[in-house]
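Everything below concerns the one structure shown next.
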Amino acid sequence: MPMRVKTWDIWVRLTHWTVAGIVVWNLFGPTDATHRLLGYVAAGLVIARIVWGFVGSANARFSAWWPTPARLRTYVRSLAAGRPEHHRSHNPLGGLMALFLWFLILALGVSGWLMRLDAFWGEDWPQEIHTWLSLIIEVCVCVHVAAAVLMTLWTREGLIRAMVTGYKRGEKASD
């Protein structure tokens, strides 16, 4: 019988779902003052989450899930062998995706801010960068959601439920 494993604290879950909602809104909603405000809120929440990666609960800390080359190699090998390792927090590929999504959100915030500066009035490149970043984040969000669904079905850990409840089903975690 699988055990219930405490994984993500309330701050991790609140920032995840709030940022996810903002990203979806900003990708598909109007590009107006609300879009700008929400973009800055998302960037601020990402910065707060990064700080939490140093001072937060054990599973939220970078030391618990940072995707080192060794962790990535071991995890990819476990996937290739058909026996994915169980991780109490993010698995190494999930951690890599989280870091990349955070980078994209911060880069979107900066490029959006640059578009509003008088110094770049009439310049197209800030808008072009912002557009490309938004397309990249769309693809990454789709990959992230698909991977969460796939891994939930494959491992039966309940990854999506865990991002709501803070607990996932699992065996003894490898980390």
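In the list Gly112, Gly170, Gly82, Gly122, which residue meets the criterion of being under 26 Å from Gly56 (Cα atoms) and either modelled with pLDDT of 95 or more or not basic (Lys, Arg) (or both)? Sole residue among the options that is under 26 Å from Gly56 (Cα atoms) and either modelled with pLDDT of 95 or more or not basic (Lys, Arg) (or both): Gly170.
Among the candidates Arg83, Arg49, Arg36, Arg77, the residue that is assigned to a loop (DSSP other than H, G, I, E, B) and at negative phi is uniquely Arg83. Listed by first and then second residue, the pairs linking a residue in segment 105-129 that is assigned to a loop (DSSP other than H, G, I, E, B) to a residue that is at pLDDT below 95 and loosely packed, with under 13 Cβ neighbours inside 10 Å, with Cβ atoms under 6 Å apart and 6 or more places separating them unless they lie on different chains, form an empty list. Applying a threshold of 9 Å to beta carbon distances and a minimum spacing of six or more residues, or different chains, the list of pairs starting in segment 156-170 at a residue that is in contact (Cβ under 8 Å) with a residue 60 or more places away in the chain and farther than 17 Å from Gly95 by Cβ and ending at one that is surrounded by fewer than 18 Cβ atoms within 10 Å (Cβ to Cβ) and not basic (Lys, Arg) reads Arg156/Pro2; Val164/Trp17; Gly166/Asp9; Gly166/Ile10; Arg169/Pro2; Arg169/Met3. Is there a residue being in contact (Cβ under 8 Å) with a residue 24 or more places away in the chain, more than 13 Å from the chain's Cα centre (by Cα), closer than 25 Å to Leu159 by Cα and assigned to a strand (DSSP E or B) anywhere in segment 16-27? No - not one qualifying residue is present in segment 16-27. Consider segment 1-52 and keep the residues that are modelled with pLDDT of 95 or more and of a type in the set (Lys, Arg). The one that is nearest to Val164 (Cα to Cα) is Arg13.
The values are calculated or read from the model by the stated rules, or taken from the named source; none is laboratory data. The model shown is predicted, which means the values in this text are computed figures rather than measured ones. Cβ: placed from backbone, ideal geometry, glycine included. Neighbour counts: every protein chain shown.
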